[in-house]
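This report refers to the structure that appears directly beneath it.
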């Protein structure tokens, strides 16, 4: 009953999407037609129905309705409720339903709150959103039905895989999905603008909060994913340039460029074509990511249950949407008239530089990720990994970060380097000083050394736009920018520090022995067997003492699950203000000694604190912009009212 | 932006579509093929892994007679499936030498007692050294080595009924 | 580790190969660092750029697979014996092809990986030159 309700809701929602598409398109031709009046309500209702369908799926998982195929294959009556619920989206069909739901709700939200766009553009935008939605509805309903029933209800579910019962793993997908699919709004805005050729500051101001929102979610999702990998994989790495990681980074890069481009368009009515292009590219990267992950076409640790048939369907959708949007761009972008002029030394100039660099980095990540796919078509297998991405990406990242230190200080339209040469000199000397210091202290790789110097320089430079201003008068959105840029500096410092200063110790120790790593001394107190609900483990009781201070207790485990039989390691971390001790216990050697893997990672936590700061900066920016927008609307409404009153007199 | 430049993104995307569409039609193979085919097998000497069979050294592969080199292990389940087919190959006149990867002698003995012993010699490769030196990346794999110790053919995965004639043919060609 | 085991399961599932537990202990130098810190650093740097052949997408420095351990043993023992890291890499590439190495080398199959960034650099320079000059 519930499953059928959910399925029915989906069908009706998809029908509404068709209505929304038709209405939106017709509204272009006749302008203010009857159909146009239906478009907004259709979008809102579609969002509600999709949300309803998703709630039904959650309900089915919560009660473990084993007559539904998806529940029977992915859940288990003995799972804790939280994992039952997160199991709803931890599979192909459920996550596609989540994708559709977020898309429909985003469309509904635009229809509900967006007032700044001219009516025709709004209709075109909603039509574009519906057009993309229809493809995914078709995919869901025709080939990945989450509500499919089994002929006989299963006796018990198959989804008790302990590896998938982890809080971080459970909530990482929805955060990313809000980000990926949130970018569909930017895509629809861009397509709508191409249809009606109305690109300007109003359009940019309308699009900006949506881009910011999606971007914040993506930032959080990527940061969380990186921390989860660091914690779980047992080797202390936090980014591997794995294809699925790149699939989340590429939309983020595009969204960051879009974010900055939209600001230029909003403030100065420049970079029109570029903004449109980035709007299309950002969501295209999201869709590309979904394709790469679900088609099995690339080798990755993240691969879901892969199915080339599904891959073909998604590829067709990609061809339709990305191809369609790029075709529209090629045909129409030339007629999007040029915007205002600006000089080299101006904020626009710096942002153009920023955009070009970000786009280049995106291009490199895209190339590196897809390259093995390309060569496999010629029966050659190559591996592209960190030794490629890091240095080649740095070619563009380093100049971009350096310009980022002085860009925010430049004025719009035209500025002189003279005006900012004093703060610029300060930043430059800080960076050179750090560079010299690190080079003197020891020999490290060129990239981490540059990273440290730039991070500190950028960290200081982020606050320089505040100079000469009354702090209480600084707009919230500006605080957002400062915090986000500072967050980048913090994260960069963490990355560089971890790369340069990490120390590793692999030791075989007997009980009672001590070993040391960095400033830590670690004693293996004892090794005890412990048991959990579906596992047994050997647990090392370590006493770790930093520089001779009070020992901390750490209990890393090596776990054995029996159904299905698997072995995992549970690492433990000791966090200080200046870094983390990472401990893993391995197997016992024939002489009775235990394998210990220890790392001292200075300032590694700054990587993820930095990411959170960046996201917070985005949130502040949204608040600032929305407030500013509401204020502007209120002021305009008041002045319109006053004008009416004056005219009436 | 001049006109043709606007078409570049679409062009690049079309290229990607083509490659992706083509790749989707290809069967996905996770195998890493050895690049030592056609090259001589590097020098090695492995101690015996089974009391009834001598160990394996380079000299056993350069004695003029082509052989099948089977990389296997007692902990490898598809090796059980391929055991009868190895017997078939042996009956058809192929000489099979085995390299047991990371296996204790007692486990080797137990496996061979249960599933048959088609090997004329078995070397114990506890550190996967020989496996690495010939470019094998998993178990089971079967190589055709000619009389001069040159690797002529690699078969990845377990040997099935349909592979038996192929291996016999490769072995015969290696004999020329 | 979880992901690795999960990935191993997937890999096993997809090629129809499955494993009972191996009984031999890891290779001596699989989990043991070299005495000389400089040599260990060189070994570690090399291992981070060599691909684990039985994993979905990991370096041998990041993998608990037994074969990865054996490869680490090879790397460490050869470095301890005085071999150059690049010679060890060449030795592996001779056996498995470019797939086993993450380090980018310019060859007839990988030249676009280097040509494209160069092209991007030129295009970026061109865009910046034109846009910023024209708008002065």
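No other residue among C:86, C:108, C:48 is surrounded by fewer than 20 Cβ atoms within 10 Å (Cβ to Cβ) and either under 22 Å from residue A:245 (Cβ atoms) or in contact with a strand residue (DSSP E or B) (Cβ under 6 Å, 6 or more places away or on another chain) (or both) apart from C:48. The set of residues in the stretch A:580-616 that are free of Cβ contacts under 8 Å to residues at least 60 places away in the same chain and within 31 Å of the chain's Cα centre (by Cα) contains only A:580.
Can you confirm whether the stretch B:71-90 contains a residue that is more than 9 Å from chain C (Cβ to nearest Cβ), in contact with a helix residue (DSSP H, G or I) (Cβ under 8 Å, 6 or more places away or on another chain), assigned to a strand (DSSP E or B) and crowded, with 22+ Cβ neighbours inside 10 Å? Yes, because at least one residue in the stretch B:71-90 is more than 9 Å from chain C (Cβ to nearest Cβ), in contact with a helix residue (DSSP H, G or I) (Cβ under 8 Å, 6 or more places away or on another chain), assigned to a strand (DSSP E or B) and crowded, with 22+ Cβ neighbours inside 10 Å.
Without any contact (Cβ under 8 Å) to a residue 40 or more places away in the chain and not in a loop (DSSP other than H, G, I, E, B): is that true of residue A:287 in this structure? Yes, satisfied. Answer yes or no as to whether residue C:124 is at pLDDT below 95, facing chain A (nearest Cβ under 10 Å) and more than 22 Å from residue A:598 (Cα to Cα). Against the criterion (at pLDDT below 95, facing chain A (nearest Cβ under 10 Å) and more than 22 Å from residue A:598 (Cα to Cα)), residue C:124 qualifies.
Residues in the stretch A:318-331 that are surrounded by fewer than 19 Cβ atoms within 10 Å (Cβ to Cβ) and more than 9 Å from chain B (Cβ to nearest Cβ) were compared, and the one that is farthest from residue A:270 (Cα to Cα) is A:320.
For the structure I just gave you, tell me whether residue C:101 is surrounded by 21 or more Cβ atoms within 10 Å (Cβ to Cβ), in contact with a helix residue (DSSP H, G or I) (Cβ under 8 Å, 6 or more places away or on another chain) and within 30 Å of residue B:9 (Cα to Cα). Taking the combined requirement at face value, the residue does not satisfy it. Can you say whether residue A:352 is over 30 Å from residue A:416 (Cα atoms), out of contact with any strand residue (DSSP E or B) (no Cβ under 9 Å at 6 or more places or on another chain), within 12 Å of chain C (Cβ to nearest Cβ) and in a helix (DSSP H, G or I), as far as the supplied structure shows? No, not satisfied. Take residue A:270 and decide whether it is at pLDDT 85 or above, more than 21 Å from residue C:52 (Cβ to Cβ) and touching a helix residue (DSSP H, G or I) at 6+ places or on another chain (Cβ under 7 Å). So residue A:270 does not fit the description; no.
Residues that are free of Cβ contacts under 8 Å to residues at least 60 places away in the same chain and crowded, with 21+ Cβ neighbours inside 10 Å number at least 1 in the following strands (runs of 3 or more DSSP E) confined to the stretch A:475-548: A:535-546. Beta carbons closer than 8 Å, at least 6 apart along the sequence or on distinct chains, pair a first residue in the stretch A:428-450 that is modelled with pLDDT under 95 with a second that is crowded, with 16+ Cβ neighbours inside 10 Å and part of a loop (DSSP other than H, G, I, E, B) for A:438/A:444. Of all residues in the stretch B:93-126, those satisfying the criterion of being within 8 Å of another protein chain (Cβ to nearest Cβ) and surrounded by fewer than 23 Cβ atoms within 10 Å (Cβ to Cβ) are B:104, B:107, B:126. Only one of the numbered conditions (1) more than 7 Å from every other protein chain (Cβ to nearest Cβ); (2) touching a helix residue (DSSP H, G or I) at 6+ places or on another chain (Cβ under 8 Å) is violated by residue C:54, and that is (1).
The values are calculated or read from the model by the stated rules, or taken from the named source; none is laboratory data. Quick caveat: nothing in here was measured; it's all calculated off a predicted structure. Cβ atoms come from the backbone with ideal geometry, glycine included; neighbour counts cover every protein chain shown.
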